[in-house]
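Heads up: the structure comes next, in structure tokens.
The values are calculated or read from the model by the stated rules, or taken from the named source; none is laboratory data. Keep in mind that this is a model prediction, so the values were computed, not measured. Using ideal geometry, Cβ is built from the backbone for each residue, glycine included, and neighbour counts are taken over all protein chains shown.
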Amino acid sequence: MLEIGIKGAQSVVVDDEKLASSMGSGDLPVFATPAMIALIEKTASESIMPYLEIGSSSVGTHLDIAHSAATPIGMTVVCETELVEIDRRRLVFKVRVYDSVGDVGSGTHERFIVDSARFMQKAELKRS
């Protein structure tokens, strides 16, 4: 059962694929904002997976994130999420991203619980 306070944590090493210069979000060899966003979504999503009903999933719908410091290649970045609000199917997570020197990013992330089959059926209708 979903409850406020569920926490998640994930870490990644900043490699060539996660650089702003590689992802097209800038030309500097530092941890890219899109890579940080992907880490945030993955951390939040995986933290609640064990609590979802079979046939359900969650999808990211909103981010309010500040990317406040650069992290160079080779360093490890950690993301921590905490479920702080549940409003029916809408979930709000508090997010903190940091490296060994200090904070890298913070903010909130919203996800919605969806019926996986119905969600995909609706998405596939766009093809017709």
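Being touching a Ser or Thr at 6+ places or on another chain (Cβ under 8 Å) and of a type outside the set (D, E, K, R) holds for only one residue in 114, 59, and it is 114.
Close contacts from the range 49-68, counting a first residue that is within 16 Å of residue 112 (Cβ to Cβ) and a second that is at pLDDT below 95 and loosely packed, with under 11 Cβ neighbours inside 10 Å, with Cβ to Cβ under 7 Å and a gap of 6+ residues or different chains, come to 51/1. Please enumerate the residues belonging to the range 6-20 that are loosely packed, with under 15 Cβ neighbours inside 10 Å and more than 20 Å from residue 60 (Cβ to Cβ). Hits for the range 6-20 are 13, 15, 16, 17. The number of residues in the range 1-45 being assigned to a loop (DSSP other than H, G, I, E, B) and not charged (D, E, K, R) comes to 12. Counting just the residues of the range 21-37 that are more than 18 Å from residue 91 (Cβ to Cβ) and of a type in the set (A, V, I, L, M, F, W, C), which one comes out surrounded by the fewest Cβ atoms within 10 Å (Cβ to Cβ)? Going through the qualifying residues, I end up with 28.
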